[in-house]
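Accompanying notes for the structure given below.
The values are calculated or read from the model by the stated rules, or taken from the named source; none is laboratory data. Keep in mind that this is a model prediction, so the values were computed, not measured. All Cβ positions, glycine included, derive from the backbone under ideal geometry; neighbour counts span all protein chains shown.
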């Protein structure tokens, strides 16, 4: 069974992507930024952008019957590796007790020049847990 979560973006159909996809017990959350209604939230603030992106990820996980506790891997892309502590602090606020495998790398650019961070997540849902669907 395949379940998808929409981003609500008009680009979703053109580019061909979903915010999240659940197949069986595995949930993949696509690269997520601090973009709301086509506008970048908190330009210049890596911590705030990471927090917004993580909030969107947590909501997508919930739509797929998962939670942050189910996350086994995150990938973090930053435009300035000097922001690692701010971004890491936001990540830790969500995943400090979970401690998924995680990677953070610097990239040349994201889709909008005001975006500083993009985050992906993968989760495995225990089908016996109350969140399992």
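Here are some notes:
Yes/no matrix, rows are residues, columns are (1) at pLDDT 95 or above; (2) within 10 Å of the chain's Cα centre (by Cα); (3) surrounded by fewer than 18 Cβ atoms within 10 Å (Cβ to Cβ):
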residue	(1), (2), (3)
11	no, no, yes
18	no, no, yes
22	yes, no, no
53	yes, yes, no
56	yes, yes, no
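- Residue among 7, 39 that alone is free of Cβ contacts under 8 Å to residues at least 12 places away in the same chain and either touching a strand residue (DSSP E or B) at 6+ places or on another chain (Cβ under 9 Å) or surrounded by fewer than 17 Cβ atoms within 10 Å (Cβ to Cβ) (or both): 39
- Every residue from the stretch 58-81 that is surrounded by fewer than 22 Cβ atoms within 10 Å (Cβ to Cβ) and over 21 Å from residue 111 (Cβ atoms): 58, 62, 63, 65, 67, 68, 69, 72, 73
- Elements of type strands (runs of 3 or more DSSP E) contained in the stretch 43-133, each with 3 or more residues being touching a strand residue (DSSP E or B) at 6+ places or on another chain (Cβ under 7 Å) and more than 24 Å from residue 22 (Cβ to Cβ): 101-106
- Only one of 93, 85, 118 that is buried (at least 17 other Cβ atoms within 10 Å of the Cβ) and out of contact with any helix residue (DSSP H, G or I) (no Cβ under 6 Å at 6 or more places or on another chain): 118
- If you go through the stretch 10-23 and keep only what is touching a strand residue (DSSP E or B) at 6+ places or on another chain (Cβ under 9 Å) and either in a strand (DSSP E or B) or farther than 14 Å from residue 111 by Cβ (or both), you end up with 18, 19, 20, 21, 22, 23.
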